[in-house]
1. With 5 Å bins from zero, work out the P(r) of region 54-132 over every alpha carbon pair and list the percent per bin.
2. Given T340, I58, A74, which one lies farthest toward the positive end of the charge dipole of the chain, if we put +1 on the Cβ of every Lys and Arg and -1 on the Cβ of every Asp and Glu?
3. Pick from R226, R368, R154: which is most flexible by mean-square fluctuation in a GNM of the chain where alpha carbon atoms under 10 Å apart are linked?
4. I need the trypsin sites (Lys or Arg not before Pro) found in region 77-127, filtered to DSSP loop residues with at most 15 other beta carbons within 10 Å of theirs.
5. Grab the eigenvalues of the alpha-carbon gyration tensor for region 171-294, scale each by 5, take roots, and send me the semi-axes largest first in whole angstrom.
6. Would you compute the Debye intensity of the chain from its alpha-carbon atoms alone, equal scatterers and no solvent, and pass along log10 I(q)/I(0) at q = 0.06, 0.07, 0.10 Å⁻¹ to two decimals?
7. Report the charge-dipole magnitude of the chain in Debye, nearest 20, computed about the Cα centre from +1 at each Lys and Arg Cβ and -1 at each Asp and Glu Cβ.
8. Would you work out what percent of the accessible area of region 281-390, with all protein chains in place, is carbon or sulfur (probe 1.4 Å)?
Amino acid sequence: MNFSCRRGPLPVLQAAVGYSRPMLRLFLTGQWYALRLWLQAWISPWRERRSFIGAASIVVLWPAFVALQWLHLAGFALDELLFRGWRRVAVRQPLFVLGPPRSGTTHLHHVLALDETTTTFRLWECLFGLSVTGRKLALALTAADRRLGRPGARLLDGLAQRVNQGMSDVHPFALDAPEEDFLVLMPVMQCFILVTLFPRAEWLWDTARLDRQDNATRRRLMRYYRICVQKHLYTFGPDQRFLSKNASFSGMAESLLETFPDAHIIACDRDPLATVPSQLSSLRPALQASGFAEIPAALQRRLIDLLAFYYLHLDRVAQAHPANLVIVDNTALKQRLAETVRAAFAHLKRESDKAFHAALATADRASRDHRSAHHYGLAEFGLDKAELNQRLAAVIELRRRRQPCTVAQVDG
């Protein structure tokens, strides 16, 4: 494979994204978005009432963040030289955990990751190792660090603890823990969490409703995501079944099933009057760090509208694909975890082994005993229960009609 200067940079870029012009267009569009966001950060104190310190932090740190995304691209290019076998990896019966944010998706994801026949993205992969080259380099460095007594691991653990202060009750995380792989969309600037930094980035809101976009847009992003999944499986076991959890993928359930026809989806469900303040509370630290003293009113309205869309959209997809998608109740997951997961697997006709059943029984006991320290309420966000009931009337009516017939909560 010749990457000589005579041919220019285009072949290298095409190699990095799989020799596909649509993929190249996706990446270059992402870099244009990144530049726009950086320029917008300069004027955001006036346009968005963001603090000068918050805006300055983004202005200073954003170029380093974008440079990290280019390192992912470099790793993709090296994959075409060193690990082309990823192209032959088949993604068989992947399992996706979806649902509105704060509906129990993280809990369920961590439980399902106990199944040793599955493999899932870890936080360190999403941040530093999307390519096969990046993963193998990180694994080699980890092995070398272990032989030296783990000085690097202790440093990273210390940094993670500092970052995790005050967040452990909202969304605990660690570099080696299962994590939402919507982070793999960072190199193409389509990761929805970026709205906490840039609430006015309209394309991010469009991505959150990807199933409503045109076919070319949907397939381009889904092809990129599939490539990332194939590279993960190539590294950690092409014979394993892939497990993913993404609340923000709830608006692309149809696209996932189109991309992975034999996929299974378990969607979590929770009372929206509890979900709304929980999500707003969970996002507040990130918004404050980026310079917003309070959650902007316009952002709050859009988040509530998006939550309503997730509920309604997942129900429509469940009705259209009853063999591929099952909805489970958050209360049932807490109180009868093992029973609920087994019922969901039975509905999907998904097999599981005895080792997972044993791990599930242990997780079931821990789930019943767990008490969250994350406290929140509607009033702290200026929300009124009657008004919210009216705004979410369609969701509330939908949940009332379908219980318990389509929700795999096994209420007897």
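1. It works out to 3, 11, 14, 16, 17, 15, 16, 7, 3, 0, in whole percents.
2. Positive-most Cα among the choices belongs to A74.
3. Sorting by GNM fluctuation, first place goes to R154.
4. Answer by residue number: R92.
5. 26, 18, 16
6. Values returned for q = 0.06, 0.07, 0.10 Å⁻¹ are -0.25, -0.34, -0.71.
7. Charge dipole of the chain: 900 debye, to the nearest 20.
8. 53
The values are calculated or read from the model by the stated rules, or taken from the named source; none is laboratory data. A quick note: this is a predicted structure, and the numbers were derived from the prediction, not measured. Cβ: placed from backbone, ideal geometry, glycine included. Neighbour counts: every protein chain shown. Surface accessibility is based on the protein's heavy atoms, side chains included, excluding ligands, DNA and RNA. Shrake-Rupley method; radii C 1.70, N 1.55, O 1.52, S 1.80 Å.
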